[in-house]
Amino acid sequence: MNKVAMKDAILEAKFEKGLKWADIARAAGLSPEYTCSACLGMNHLDPKPADAVAAVLDLGKDVSAALQRFPQKTWTQTVPTDPLIYRWYEIVGVYGETIKELINEKFGDGIMSAIDFTMDIAKQEDPKGDRVVVTLNGKFLPYKAW
């Protein structure tokens with residue numbers, strides 16, 4: 001099974017079972033963000049968490065095996081070459097779908113505003129190497145039906 005078929009099977013089973021990413025992540029013993037990203041095909045899982053994800057979704061060994069395969073992280077958009085800015089494109093390229101899934105799951109069908117928005121960039125000192133902490137805070141804007 002390839003990553004696209006795996007993703008489709010996982011999303012269908014998640015919907016049919018009424019599970020949240022937190023439920024699936026709890027079974028895997030990982031964060032909802034990383035688990036979701038792996039289930040969407042942008043990261044991989046080791047055998048034990050892959051088997052746990054397949055089990056909680058009542059999916060077979062083919063899904064577990066696909067979760068364990070290393071992903072091909074590519075996209076076709078042109079990105080800037082500045083290393084710092086490029087990394088932001090990489091983050092969105094790898095985790096963008098995960099961010100969308102988790103926002104939609106927690107808030108509903110809509111978007112995060114980039115107009116009613118704040119950002120904070122902080123330095124977190126760490127003996128293993130200082131950390132960059134970026135907080136993006138945007139108002140949720142639901143889509144409306146008419």
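Each reported figure results from applying straightforward, stated rules to the coordinates on display, with no laboratory input. Since we're looking at a predicted model, the values are computed, not measured. No Cβ is skipped: glycine too gets one built from the backbone with ideal geometry, and neighbour counts run over all protein chains shown.
Check Leu30, Leu67 and return the single one that is among the hydrophobic types (A, V, I, L, M, F, W, C) and in contact with a Leu (Cβ under 6 Å, 6 or more places away or on another chain).
Leu67
Quick one: is Glu33 within 20 Å of Asn104 (Cβ to Cβ), free of Cβ contacts under 8 Å to residues at least 12 places away in the same chain and of a type in the set (D, E, K, R)?
no
Can Ala13 be described as outside any loop (DSSP other than H, G, I, E, B), touching a Leu at 6+ places or on another chain (Cβ under 6 Å) and within 17 Å of Glu105 (Cβ to Cβ)?
Considered against the rule, which asks whether it is outside any loop (DSSP other than H, G, I, E, B), touching a Leu at 6+ places or on another chain (Cβ under 6 Å) and within 17 Å of Glu105 (Cβ to Cβ), Ala13 comes out as yes.
Tell me, please, whether a residue that is under 18 Å from Gly29 (Cα atoms) and β-branched (Val, Ile, Thr) can be found in region 61-80.
yes
Among the listed residues Ala50, Ala25, which satisfies the condition of being closer than 21 Å to Lys73 by Cα, without any contact (Cβ under 8 Å) to a residue 24 or more places away in the chain, in contact with a Ser or Thr (Cβ under 6 Å, 6 or more places away or on another chain) and of a type outside the set (Phe, Trp, Tyr)?
Just a single option satisfies the conditions, and that option is Ala50.
Do we have any residue at all in region 58-66 that's among the aliphatic types (A, V, I, L, M) and within 16 Å of the chain's Cα centre (by Cα)?
No, region 58-66 has no match at all.
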